[in-house]
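Have a look at the structure below before the remarks.
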Amino acid sequence: MSKRLPSSYGSKEGEGFDKLSPNGVGERGGVTKQVLEVTEEQVVAELAQLAAEIARHDELYHAQDAPEISDAEYDLLVRRNRALEAAFPHLVREDSPSRKVGHAPAAHLSKAPHSRPMLSLDNGFGEEDVAEFLARARRFLALPEGEMVACTAEPKIDGLSCALTYRNGLLVRAATRGDGQIGEDVTRNVRTIADVPGRLRGECPDLFEVRGEVYMAHADFRALNERQAQAGERTFANPRNAAAGSLRQLDPAVTAARPLRFFAHGWGEASAVPAASQYEMMRVIEGWGFPISPDLIRAEALDALLAHYRRIEAMRAELPFDIDGVVYKVDRLDWQARLGQVAKAPRWALAHKFPAERAQTTINRIDIQVGRTGKLTPLARLEPVTVGGVVVSNATLHNADEIARLGVRVGDRVTVQRAGDVIPQILENLTPEVEREPFLFPEKCPECGSDAVRAEGEVDIRCTGGLVCPAQRLERLKHFVSRPAMDIEGLGVKTVEEFARDGLIDTPASIFRLAAHREVILQREGWAERGTDNLLLAIEERRGFAPDRVLFAVGVRHVGQVTARDLLKHFTTLEKLGEVAARAGQEPECLAEITSVQGVGPTVAQALADFFAEEHNREAWDDLLAEARPAVFKQEIRQSPVTGKTVVFTGSLETLSRDEAKVQAERLGAKVAGSVSAKTDLVVAGPGAGSKLKKAAELGVAVTDETGWARLVAGEVDEFSMLAGEAEGG
Ligand code: IVH
């Protein structure tokens, strides 16, 4: 059976319809009403796909603080899901994204159940959605003609929500939203936030839970990322992720060192609510000592609310923190109570989101950037243009295919979009019909002149110059000294850049010769004796280092930490590995020997052969081995409760990559397995753990979380039983 699916949903007939295209991406601002033919079968399939896709992005956003798509792109998926569900209510899935809020709490923080669920907000994208919100409230309340629904309006802060419980005026608990029912206990961390009072000022109810948003200001975010980069630590994609990552830390000292802020926007459980309206309550909360938005207003008419929306949108660029819309709330609390909630959001509130910010400009130049593994990335240099208050002069073009798809050339006028802190994107070429020279993707690396080639089946074009290429050399040096690689303290990204620029270092081996430049370094600004000698000492300490770390540090393509270890288990020294790999190009037995190593496949073997086929790579390799004299590989096993045991990691890990976890387990003499069985001794479960955790419980296998694991690795735990019961599930 097929059904006609109207392309507009939730809005009245007329202008401003959202066009729905069958591939799930809507387009705003179409004026013609389109109707699409869709079969139920197609809808079932699409809803399933949307549920999976949205769940994945939820997990990335909420649990890993590492989103892959912009909020605007995410909203498109949610809107498509909503439109399909509205047209086919009988096909709404059990696990529909419209029924879920946020994400299950992380296993490393203890759980904090909410006595009143922490809801989400319904989103509106256009003025008609706001009109409909008010009309719906009026209908629901059965208000007589002429009776207005006064609402508050304030910015929607792009942070993470937090519930602060006060008993007799004292802060006793702080919790994140989690899945809306159960959050994470972040009390110790929230106590370090200056905006949050430890004690309420003046009269207050015995029990009162203030709710609001924890966020990070732009300037603090930039400073934090700089410090992180300097220290070789992970940087954050945007202030929201930085705030989430900082709040959900195990160590409150780390949170304290990261300037978080707070705005109150509501409340939860309360023994008494000392005012009758949202607006007055917010003033009461302000009186207790909380920051509330200076742009909170109360208004009666739609026009006034929309005018405030436009005011806030206009000042968005000047605000020192991210906002992504305006929130309207029905002012009268008795009306809020009558309106209640649907599924996951209250009927008395609406988030009026800002559209993704776009502007038009001209491509002045297309530059090619070269990464560590030689990948060539085209970058459009734009005539500077203000996009939502931020001056944009660069946009990524990703790869040659993207340039072809957009058909862009130097001189074209284009639409650019900026969403969050993602690198701006080019959406469309506005002047495809103008005759112009097409952009030719270079066949030579612009940095070193080596051939740039596209391997079969790959999208990317790579420079074959290896260490000859100055851009690759610099990126590789940064990788070489980084924490999971050689971990040279005092040699951060900035220092590497400066030293390389001034010719103090050029290859990995040259780092070991830095001592010869001690006097030159001492002449540099910011380099006193002590810091210089500490750096030189840190470098000396890396002579005779573990060969698997050195191999990983060299940065051969496809050779990660685990592969490096697997290779060294077999070859035991880098000399031996180098000899075999250098012959692998000509001698099939050598290639076969590498492929025979457990855990190593043909891709890695070929990558090693390719690396050693280049003379300059062989030279740099020999030079490095001569200087650094890496040790013979030793399965250094530290006795621990997991020595000789089998461990399974499941769910997402927050502070470790899977590779790091595996390497840690092996250093403790444990075997890592992929599935839980009667032979499993320990399961380490992160958020999102599912069937494996259940199986472990059935089999009575010991379970811990990442914190428990960290304590094991740190040697703080002598007995298995000390771990038991630390994780009750993800
Ligand atoms: S009111 C019933 N007001 O947006 C929900 N939320 O997308 C009450 N948010 O979970 C929320 N600024 O974390 C409200 N001024 C504001 C807000 C705000 C940001 C967050 C909040 C909520 C999320 C929903």
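The values are calculated or read from the model by the stated rules, or taken from the named source; none is laboratory data. Remember, it's a predicted structure, so these values are computed and weren't measured experimentally. Every residue, glycine as well, gets a Cβ built from its backbone with ideal geometry; the counts of neighbours run over all protein chains shown. Just so you know, the surface numbers come from the protein's heavy atoms only, side chains and all, with ligands and any DNA or RNA stripped out. Shrake-Rupley method; radii C 1.70, N 1.55, O 1.52, S 1.80 Å.
Any chance region 461-472 includes a residue that's without any contact (Cβ under 8 Å) to a residue 40 or more places away in the chain and under 22 Å from residue 607 (Cα atoms)? Walk me through how you get there before you give the answer.
Initially, region 461-472 is screened for residues without any contact (Cβ under 8 Å) to a residue 40 or more places away in the chain, giving 470.
If we keep only those that are under 22 Å from residue 607 (Cα atoms) as well, we get 470.
Checked against the condition, which is being without any contact (Cβ under 8 Å) to a residue 40 or more places away in the chain and under 22 Å from residue 607 (Cα atoms), region 461-472 yields at least one hit.
Where in region 165-262 are the strands (runs of 3 or more DSSP E), entirely inside, with at least 1 residues that are over 25 Å from the mean Cα position of the chain (by Cα)? Break it down stepwise before answering.
Numbers: elements: 170-176, 182-184, 207-215.
The qualifying strands (runs of 3 or more DSSP E) are 170-176, 207-215.
Taking each residue of region 375-403 that is under 16 Å from residue 438 (Cα atoms) and part of a loop (DSSP other than H, G, I, E, B) and looking for partners that are of a type in the set (A, V, I, L, M) and open to solvent by 50 Å² or more (accessible area, probe 1.4 Å) with beta-carbon atoms closer than 8 Å, six or more apart or interchain, yields 399/459.
Filter region 489-508 for residues that are farther than 24 Å from residue 616 by Cα and in a loop (DSSP other than H, G, I, E, B); which is most open to solvent (accessible area, probe 1.4 Å)? Per the stated criteria, the residue is 489.
Can you work out which of the residues in region 263-282 that are assigned to a helix (DSSP H, G or I) and within 15 Å of the ligand (Cβ to nearest atom) is most open to solvent (accessible area, probe 1.4 Å)?
First, the residues of region 263-282 that are assigned to a helix (DSSP H, G or I): 278-282.
Going one step further and asking which of them are within 15 Å of the ligand (Cβ to nearest atom), we end up with 278-279, 281-282.
On the way: 278: 5, 279: 50, 281: 0, 282: 1 Å².
Looking at residues that are assigned to a helix (DSSP H, G or I) and within 15 Å of the ligand (Cβ to nearest atom), I get 279.
Number of residues in region 161-175 that are touching a helix residue (DSSP H, G or I) at 6+ places or on another chain (Cβ under 7 Å) and either among the polar types (S, T, N, Q) or open to solvent by 20 Å² or more (accessible area, probe 1.4 Å) (or both) equals 1. The criterion of at least 1 residues that are open to solvent by less than 20 Å² (accessible area, probe 1.4 Å) is met, among strands (runs of 3 or more DSSP E) falling completely within region 582-695, by 646-650, 682-685. Whenever a residue of region 147-159 is over 14 Å from residue 305 (Cβ atoms) and assigned to a strand (DSSP E or B), its partners that are open to solvent by 20 Å² or more (accessible area, probe 1.4 Å) and more than 9 Å from the ligand (Cβ to nearest atom), lying with C-beta atoms within less than 7 angstrom and at least six residues away or across chains, give the pairs 157/321.
Within region 280-289, can one find any residue that is within 30 Å of the chain's Cα centre (by Cα) and in contact (Cβ under 8 Å) with a residue 12 or more places away in the chain?
Going residue by residue through region 280-289, those that are within 30 Å of the chain's Cα centre (by Cα) are none.
There is no residue in region 280-289 that is within 30 Å of the chain's Cα centre (by Cα) and in contact (Cβ under 8 Å) with a residue 12 or more places away in the chain.
Scanning region 69-82 for residues that are modelled with pLDDT of 75 or more and not in a helix (DSSP H, G or I) yields a count of 1.
A single member of 75, 71 is under 22 Å from residue 352 (Cβ atoms), among the acidic types (Asp, Glu) and in contact with a Phe, Trp or Tyr (Cβ under 8 Å, 6 or more places away or on another chain), and it is 75.
Looking at residue 158, is it under 27 Å from the mean Cα position of the chain (by Cα) and either more than 16 Å from residue 260 (Cβ to Cβ) or among the acidic types (Asp, Glu) (or both)? For residue 158, the condition - under 27 Å from the mean Cα position of the chain (by Cα) and either more than 16 Å from residue 260 (Cβ to Cβ) or among the acidic types (Asp, Glu) (or both) - is met.
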